[in-house]
Amino acid sequence: MAAVDNKQVKSRRDLVLERLRNRYPDKDFSDDDAIYGQISDDFDVYDKDLERYKAEEKAIVDMYASDPRSAYFMSEWHDGVHPVVALVRRYGKEFKDVMEDPEWQEQIEAADKEFAERTAKEKELDALYEQNHSESKSVRDAYQEEHGLSDEQIDAALALLVSIVNDMVVGKLTSDALDMAMKAINHDADVETANQEGIVQGKNTRIEEKLRKPKGGDGMPSLGGKGNTPSARNKSYSIFDYAEAAS
(Lines give C-alpha, C1' and ligand atoms only; values in the text may rest on other atoms or scores of the structure.)
Protein backbone atom coordinates (compact mmCIF):
# COMPACT_ATOMS: atom_id res chain seq x y z
CA MET A 1 0.00 0.00 0.00
CA ALA A 2 1.48 3.36 -1.01
CA ALA A 3 2.39 5.72 1.80
CA VAL A 4 0.20 8.79 2.10
CA ASP A 5 2.08 12.10 2.05
CA ASN A 6 0.47 14.23 4.76
CA LYS A 7 2.91 17.12 4.41
CA GLN A 8 0.99 20.37 4.17
CA VAL A 9 1.90 22.71 1.36
CA LYS A 10 2.20 26.32 2.53
CA SER A 11 0.34 28.98 0.62
CA ARG A 12 2.14 31.91 -0.93
CA ARG A 13 0.69 34.15 1.79
CA ASP A 14 2.05 31.87 4.52
CA LEU A 15 5.46 31.83 2.88
CA VAL A 16 5.53 35.63 2.69
CA LEU A 17 4.45 35.90 6.33
CA GLU A 18 7.14 33.44 7.35
CA ARG A 19 9.82 35.48 5.58
CA LEU A 20 8.59 38.72 7.11
CA ARG A 21 8.48 37.28 10.63
CA ASN A 22 11.96 35.80 10.28
CA ARG A 23 13.32 39.10 9.01
CA TYR A 24 11.43 41.31 11.47
CA PRO A 25 10.84 39.17 14.60
CA ASP A 26 9.81 42.21 16.70
CA LYS A 27 7.01 43.31 14.38
CA ASP A 28 3.37 42.28 14.43
CA PHE A 29 1.95 41.05 11.11
CA SER A 30 -1.48 40.06 12.34
CA ASP A 31 -3.30 42.33 9.86
CA ASP A 32 -2.99 43.01 6.15
CA ASP A 33 -2.06 46.68 6.60
CA ALA A 34 1.06 45.72 8.54
CA ILE A 35 1.96 43.04 5.98
CA TYR A 36 1.52 45.19 2.89
CA GLY A 37 3.05 48.21 4.63
CA GLN A 38 6.26 46.29 5.32
CA ILE A 39 6.31 44.87 1.80
CA SER A 40 5.94 48.41 0.43
CA ASP A 41 8.81 49.64 2.64
CA ASP A 42 10.98 46.76 1.47
CA PHE A 43 10.21 47.56 -2.16
CA ASP A 44 11.22 51.20 -1.57
CA VAL A 45 14.54 50.09 -0.11
CA TYR A 46 15.03 47.60 -2.94
CA ASP A 47 14.32 50.26 -5.58
CA LYS A 48 16.81 52.69 -3.99
CA ASP A 49 19.49 50.01 -3.74
CA LEU A 50 18.85 48.97 -7.33
CA GLU A 51 19.20 52.56 -8.56
CA ARG A 52 22.47 52.91 -6.64
CA TYR A 53 23.82 49.66 -8.07
CA LYS A 54 22.86 50.77 -11.57
CA ALA A 55 24.61 54.12 -11.09
CA GLU A 56 27.77 52.42 -9.82
CA GLU A 57 27.68 49.91 -12.65
CA LYS A 58 27.26 52.70 -15.22
CA ALA A 59 30.24 54.57 -13.77
CA ILE A 60 32.42 51.46 -14.13
CA VAL A 61 31.17 50.77 -17.65
CA ASP A 62 31.82 54.39 -18.66
CA MET A 63 35.34 54.19 -17.24
CA TYR A 64 36.07 51.01 -19.17
CA ALA A 65 34.58 52.53 -22.34
CA SER A 66 36.73 55.67 -22.04
CA ASP A 67 39.92 53.60 -21.76
CA PRO A 68 39.63 49.82 -22.27
CA ARG A 69 43.08 49.37 -20.73
CA SER A 70 41.60 50.22 -17.35
CA ALA A 71 39.47 47.07 -17.54
CA TYR A 72 42.54 44.91 -18.12
CA PHE A 73 44.38 46.71 -15.33
CA MET A 74 41.55 46.10 -12.84
CA SER A 75 41.21 42.48 -13.94
CA GLU A 76 44.93 41.77 -13.51
CA TRP A 77 45.00 43.57 -10.18
CA HIS A 78 42.05 41.44 -9.06
CA ASP A 79 43.94 38.31 -10.12
CA GLY A 80 46.85 39.20 -7.82
CA VAL A 81 49.17 41.11 -10.15
CA HIS A 82 50.91 44.02 -8.39
CA PRO A 83 49.11 47.21 -9.43
CA VAL A 84 52.33 48.96 -10.50
CA VAL A 85 53.28 45.96 -12.66
CA ALA A 86 49.78 45.92 -14.11
CA LEU A 87 50.03 49.66 -14.89
CA VAL A 88 53.37 49.26 -16.63
CA ARG A 89 52.07 46.23 -18.52
CA ARG A 90 49.03 48.14 -19.78
CA TYR A 91 50.37 51.70 -20.04
CA GLY A 92 54.04 50.96 -20.66
CA LYS A 93 56.21 53.95 -21.50
CA GLU A 94 53.31 56.35 -20.95
CA PHE A 95 53.24 55.43 -17.27
CA LYS A 96 57.01 55.83 -16.92
CA ASP A 97 57.01 59.14 -18.79
CA VAL A 98 54.39 60.58 -16.45
CA MET A 99 56.41 59.54 -13.42
CA GLU A 100 59.50 61.28 -14.81
CA ASP A 101 57.85 64.33 -16.39
CA PRO A 102 58.61 67.53 -14.36
CA GLU A 103 55.19 68.93 -15.24
CA TRP A 104 53.58 66.05 -13.34
CA GLN A 105 55.87 66.14 -10.32
CA GLU A 106 53.75 68.58 -8.34
CA GLN A 107 50.63 66.44 -8.74
CA ILE A 108 52.57 63.24 -8.03
CA GLU A 109 54.07 64.71 -4.86
CA ALA A 110 50.64 65.91 -3.74
CA ALA A 111 49.21 62.45 -4.39
CA ASP A 112 52.08 60.85 -2.47
CA LYS A 113 51.52 63.20 0.47
CA GLU A 114 47.81 62.38 0.45
CA PHE A 115 48.68 58.67 0.44
CA ALA A 116 51.04 59.07 3.41
CA GLU A 117 48.46 61.04 5.41
CA ARG A 118 45.72 58.54 4.64
CA THR A 119 47.96 55.61 5.58
CA ALA A 120 48.90 57.26 8.88
CA LYS A 121 45.23 57.98 9.62
CA GLU A 122 44.28 54.40 8.84
CA LYS A 123 46.95 53.09 11.21
CA GLU A 124 45.71 55.48 13.91
CA LEU A 125 42.14 54.34 13.39
CA ASP A 126 43.21 50.69 13.44
CA ALA A 127 44.99 51.18 16.77
CA LEU A 128 41.99 53.05 18.18
CA TYR A 129 39.69 50.30 16.97
CA GLU A 130 41.73 47.60 18.73
CA GLN A 131 41.68 49.60 21.97
CA ASN A 132 37.95 50.30 21.81
CA HIS A 133 37.18 46.75 20.73
CA SER A 134 38.81 45.35 23.87
CA GLU A 135 36.95 47.81 26.11
CA SER A 136 33.67 47.23 24.26
CA LYS A 137 33.98 43.47 24.74
CA SER A 138 34.18 44.02 28.50
CA VAL A 139 31.11 46.28 28.36
CA ARG A 140 29.21 43.70 26.32
CA ASP A 141 30.09 40.83 28.68
CA ALA A 142 29.15 42.86 31.77
CA TYR A 143 25.84 43.98 30.21
CA GLN A 144 25.01 40.43 29.16
CA GLU A 145 25.67 39.09 32.66
CA GLU A 146 23.81 41.93 34.41
CA HIS A 147 20.67 41.49 32.31
CA GLY A 148 20.83 37.70 32.07
CA LEU A 149 20.96 37.65 28.25
CA SER A 150 21.85 34.63 26.14
CA ASP A 151 24.60 34.72 23.50
CA GLU A 152 21.91 34.74 20.82
CA GLN A 153 20.17 37.76 22.36
CA ILE A 154 23.31 39.86 22.76
CA ASP A 155 24.45 38.90 19.24
CA ALA A 156 21.08 39.98 17.84
CA ALA A 157 21.37 43.36 19.61
CA LEU A 158 24.89 43.90 18.24
CA ALA A 159 23.77 42.87 14.74
CA LEU A 160 21.00 45.48 14.91
CA LEU A 161 23.44 48.22 15.93
CA VAL A 162 25.89 47.23 13.18
CA SER A 163 23.06 47.22 10.65
CA ILE A 164 22.00 50.75 11.67
CA VAL A 165 25.59 52.03 11.48
CA ASN A 166 26.14 50.46 8.06
CA ASP A 167 22.89 51.95 6.79
CA MET A 168 23.84 55.43 8.00
CA VAL A 169 27.28 55.17 6.36
CA VAL A 170 25.58 54.76 2.97
CA GLY A 171 22.92 57.38 3.75
CA LYS A 172 20.12 54.91 4.44
CA LEU A 173 17.56 55.67 7.17
CA THR A 174 14.80 53.34 8.34
CA SER A 175 11.74 53.88 10.53
CA ASP A 176 13.02 51.15 12.87
CA ALA A 177 16.20 53.14 13.52
CA LEU A 178 14.17 56.29 14.23
CA ASP A 179 11.86 54.37 16.60
CA MET A 180 14.90 53.06 18.44
CA ALA A 181 16.42 56.55 18.74
CA MET A 182 13.19 58.17 19.93
CA LYS A 183 12.67 55.51 22.60
CA ALA A 184 16.20 56.14 23.86
CA ILE A 185 15.72 59.93 23.86
CA ASN A 186 12.37 59.77 25.66
CA HIS A 187 13.40 57.12 28.18
CA ASP A 188 14.69 59.48 30.89
CA ALA A 189 11.70 61.78 30.52
CA ASP A 190 9.30 58.83 30.80
CA VAL A 191 11.05 57.58 33.94
CA GLU A 192 10.97 61.07 35.51
CA THR A 193 7.28 61.41 34.69
CA ALA A 194 6.56 58.04 36.28
CA ASN A 195 8.52 59.04 39.38
CA GLN A 196 6.64 62.33 39.72
CA GLU A 197 3.31 60.57 39.29
CA GLY A 198 4.32 58.12 42.02
CA ILE A 199 5.29 60.95 44.39
CA VAL A 200 2.03 62.82 43.80
CA GLN A 201 0.01 59.65 44.27
CA GLY A 202 1.82 58.92 47.53
CA LYS A 203 1.15 62.44 48.86
CA ASN A 204 -2.51 62.22 47.88
CA THR A 205 -2.80 58.92 49.74
CA ARG A 206 -1.30 60.44 52.91
CA ILE A 207 -3.64 63.44 52.68
CA GLU A 208 -6.65 61.15 52.35
CA GLU A 209 -5.54 59.12 55.35
CA LYS A 210 -5.05 62.24 57.52
CA LEU A 211 -8.32 63.81 56.46
CA ARG A 212 -10.40 60.67 56.71
CA LYS A 213 -13.21 61.09 59.29
CA PRO A 214 -12.69 59.02 62.45
CA LYS A 215 -15.11 56.22 63.15
CA GLY A 216 -17.73 56.56 65.81
CA GLY A 217 -16.12 56.52 69.27
CA ASP A 218 -17.03 54.82 72.50
CA GLY A 219 -18.00 58.04 74.25
CA MET A 220 -14.53 58.64 75.66
CA PRO A 221 -12.88 62.02 75.02
CA SER A 222 -10.17 62.20 72.43
CA LEU A 223 -6.65 61.79 73.81
CA GLY A 224 -5.53 64.76 71.81
CA GLY A 225 -8.28 67.01 73.10
CA LYS A 226 -8.15 69.32 76.15
CA GLY A 227 -11.23 70.64 77.86
CA ASN A 228 -13.63 71.92 75.27
CA THR A 229 -11.16 71.63 72.32
CA PRO A 230 -13.21 70.66 69.27
CA SER A 231 -12.62 67.18 67.91
CA ALA A 232 -11.28 66.45 64.40
CA ARG A 233 -14.85 65.75 63.33
CA ASN A 234 -15.79 69.41 63.72
CA LYS A 235 -12.52 71.02 62.77
CA SER A 236 -12.41 73.16 59.62
CA TYR A 237 -9.18 72.58 57.65
CA SER A 238 -7.33 75.54 56.24
CA ILE A 239 -4.93 75.60 53.30
CA PHE A 240 -2.05 75.36 55.79
CA ASP A 241 -3.44 72.12 57.18
CA TYR A 242 -3.53 70.65 53.71
CA ALA A 243 0.03 71.74 53.07
CA GLU A 244 1.18 70.14 56.33
CA ALA A 245 -0.62 66.90 55.43
CA ALA A 246 1.08 66.82 52.03
CA SER A 247 4.60 67.25 53.46
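Here Arg212 passes the criteria (1) modelled with pLDDT under 85; (2) surrounded by 10 or more Cβ atoms within 10 Å (Cβ to Cβ) except the one numbered (2). For the structure I just gave you, tell me whether Met63 is in contact with a Ser or Thr (Cβ under 6 Å, 6 or more places away or on another chain), under 30 Å from Arg89 (Cβ atoms) and not assigned by TED's automatic domain parsing to the domain that holds Glu152. It is true that Met63 is in contact with a Ser or Thr (Cβ under 6 Å, 6 or more places away or on another chain), under 30 Å from Arg89 (Cβ atoms) and not assigned by TED's automatic domain parsing to the domain that holds Glu152. When you scan region 101-110, do you find a residue that is under 41 Å from the mean Cα position of the chain (by Cα) and part of a helix (DSSP H, G or I), even just one? For region 101-110, residues under 41 Å from the mean Cα position of the chain (by Cα) and part of a helix (DSSP H, G or I): present. Residue pairs whose Cβ atoms lie under 6 Å apart, sitting 6 or more positions apart in sequence or on different chains, and linking a residue in region 138-160 that is among the β-branched types (Val, Ile, Thr) to a partner that is surrounded by 11 or more Cβ atoms within 10 Å (Cβ to Cβ) and part of a helix (DSSP H, G or I), are Ile154/Gln144. Take the conditions (1) farther than 30 Å from Ser175 by Cβ; (2) surrounded by 10 or more Cβ atoms within 10 Å (Cβ to Cβ); Gly80 misses just one of them, which is (2). Every condition in (1) at pLDDT below 85; (2) over 24 Å from Asp44 (Cα atoms); (3) of a type in the set (A, V, I, L, M, F, W, C) is met by Leu161 except one, and the failing one is (2). Candidates in region 41-70 are the residues that are surrounded by 10 or more Cβ atoms within 10 Å (Cβ to Cβ) and among the hydroxyl-bearing types (Ser, Thr, Tyr); of these, the one that is nearest to Leu15 (Cα to Cα) is Tyr46.
For region 84-93, which positions are modelled with pLDDT under 85 and loosely packed, with under 12 Cβ neighbours inside 10 Å? Val84, Gly92, Lys93, listed by residue number.
The values are calculated or read from the model by the stated rules, or taken from the named source; none is laboratory data. Worth saying up front: this structure is predicted, and the values here are computed from it rather than measured. Cβ sites come from the backbone with ideal geometry, for glycine too, and all protein chains shown count toward neighbours.
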